[in-house]
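Student: Okay, handing you the structure first.
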Amino acid sequence: MKKKLNLECVKEGLANGVAPGFPLDSTAKNAMIYEAAEHYGKFLDALGCDWKNDPNSDNTPMRVAKAYVNDLWAGRYTEMSPITSFPSDGYDGIVIERNIPLTSMCSHHHQTIGGVVHIGYISSEKGSVIGLSKLNRVVEHFGRRGSIQEQLTSAIHNAVTQICEDNMGVIITIVATHNCVSCRGVKHKGAAMVTTKASGVFRHNGNGARQEFFDSLKINNGGHQI
Ligand SMILES: [Zn+2]
């Protein structure tokens with residue numbers, strides 16, 4: 001990597017930002033898991049759950065704490081593996097990766113968010129392209145936190161923009177369902193939220209780049225059309 005990238009857009013400590021001391025080593029993660037488990041046990045106490053004497057729940061506080069640190073909020077504690085970009089070698093066409101699986105968690109209600117992320121960009125002749133699976137890693141890194149879909153879209157857009165230096169444009173679309181909508185409150189299943197952030201050539205309808213991106217999402221797209 002030629003230069004240090006500044007991929008974090010929000011203040012440290014917020015649910016959609018990294019934790020203080022990021023990246024945490026295994027000792028710090030274990031200490032966090034034990035402390036969080038202790039407090040989650042008290043949370044269950046307050047809910048009138050005799051979890052200590054319930055064979056199904058006696059280890060639940062530890063399970064929940066581990067799930068947050070190692071999976072659901074892993075992007076707040078664990079560094080993303082290095083992202084390598086390569087010279088575009090004259091390729092200045094559109095690059096799209098669609099249907100990248102997204103698992104995240106709503107910052108408001110701590111219910112999961114599930115869906116897909118579609119990423120498109122156009123390098124310049126002397127710009128750079130990014131290894132395909134690295135786009136998935138970017139989605140994992142920012143998705144595995146507390147999040148707001150609008151800000152998550154911006155965070156992924158910012159990361160791809162910085163990694164693909166000198167690009168002509170980047171577009172990110174997220175299609176996701178929120179369990180806080182389907183399981184609580186209004187309790188509507190199947191309502192999907194669609195967010196798009198675009199820059200460069202994708203912001204303008206006249207050049208066809210934006211249309212090419214959305215048209216490509218409709219081709220054999222496994223039911224994830226937008
Ligand atoms: Zn919510």
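The values are calculated or read from the model by the stated rules, or taken from the named source; none is laboratory data. Owing to the predicted nature of the structure, the values given are computational and were not obtained by experimental measurement. Note that each Cβ is placed from the backbone with ideal geometry, even for glycine, and that neighbours are counted across all protein chains shown. Keep in mind that these areas ignore ligands, DNA and RNA; they rest on the heavy atoms of the full protein, side chains included. Shrake-Rupley method; radii C 1.70, N 1.55, O 1.52, S 1.80 Å.
Student: May I ask you to evaluate 6.51 cos²θ - 1.76 cosθ + 1.60, the Karplus curve with θ = phi - 60°, for each residue of the stretch 174-190 and list the ³J(HN,Hα) values in order in whole Hz, giving x for glycine and proline?
Tutor: Going residue by residue, I get 10, 10, 8, 10, 10, 5, 5, 8, 7, 9, 9, x, 6, 6, 9, 7, x Hz, with x marking Gly and Pro.
Student: Count neighbours as other Cβ atoms within 10 Å of each site's Cβ, and list the GluC sites (Glu not before Pro) in the stretch 7-71 that are DSSP loop with at most 13 such neighbours. Mind showing how you got there, number by number?
Tutor: Numbers: sites: Glu8, Glu12, Glu35, Glu38; in loops: Glu8, Glu12.
Passing sites in the stretch 7-71 are Glu12.
Student: Another question, then. Over the chain, with every protein chain in place, what whole percent of the accessible area is carbon and sulfur at 1.4 Å, could you tell me? Kindly include the intermediate steps, with their values, before the conclusion.
Tutor: Values: 6270 of 11990 Å².
Within the chain, the accessible surface is 52 percent carbon and sulfur.
Student: Please list, by residue number, every one of the trypsin sites (Lys or Arg not before Pro) in the stretch 1-96 that is coil in DSSP and has at most 13 other beta-carbon atoms within 10 Å.
Tutor: Lys2, Lys3, Lys4, Lys11
Student: Below 13 Å, Cα to Cα, which aspartates and glutamates can Lys134 reach? Residues fewer than 8 away in the same chain don't count.
Tutor: Glu97
Student: Kindly write out, for the stretch 55-66 in residue order, the coupling ³J(HN,Hα) from the Karplus curve 6.51 cos²θ - 1.76 cosθ + 1.60 (θ = phi - 60°), rounded to whole Hz, with x marking Gly and Pro.
Tutor: Per residue, the Karplus-derived 3J(HN,Hα) values read x, 8, 10, 5, 10, 5, x, 5, 4, 5, 4, 5 Hz.
Student: Leaving ligands, DNA and RNA out of it, work out the accessible area of Leu132 with a 1.4 Å probe and give it in Å² to the nearest 10.
Tutor: 100 Å²
Student: Now for a separate question. Tell me which residues come under 5 Å, amide H to amide H, from Ser128 once H is placed; ignore anything under 5 positions away on its chain.
Tutor: Ser88, Glu165
Student: Here is a follow-up. So what's the Cα pair-distance distribution over the chain, bin width 5 Å, in %?
Tutor: The distribution over the chain is 1, 7, 13, 16, 17, 15, 12, 8, 5, 4, 2, 1, 0, 0, given as percents.
Student: Continuing with the same structure: Relative to the longest principal axis of the chain, what angle (0 to 90°, nearest 10) does the C-alpha long axis of helix 26-46 take?
Tutor: 60 degrees
Student: Could you please state, rounded to a whole Å, how far the C-alpha centre of the stretch 1-49 is from the C-alpha centre of the stretch 95-167?
Tutor: Using only Cα atoms to place each centre, the spacing works out to 21 Å.
Student: Once phi is turned into ³J(HN,Hα) by the Karplus curve 6.51 cos²θ - 1.76 cosθ + 1.60 with θ = phi - 60°, what whole-Hz value does each residue of the stretch 71-86 show in order, with x for glycine and proline?
Tutor: 10, 5, 10, 4, x, 7, 10, 10, 5, 6, 5, x, 9, 9, 10, 10
Student: Considering only protein heavy atoms, what per residue accessible area in square angstrom results for the chain with a 1.4 angstrom probe?
Tutor: For the chain, the per-residue accessible area is 53 Å².
Student: At a probe size of 1.4 Å, how large is the accessible area of Met168, to the nearest 10 Å²?
Tutor: It works out to around 90 Å².
Student: Find the lysine pairs in the stretch 1-122 meeting two conditions, Cα atoms under 22 Å apart and a separation of 8 or more places or different chains, and report how many there are.
Tutor: Details: Lys3/Lys11; Lys11/Lys29; Lys29/Lys42; Lys29/Lys66; Lys42/Lys52; Lys42/Lys66; Lys52/Lys66.
Within the stretch 1-122, the lysine pair count is 7.
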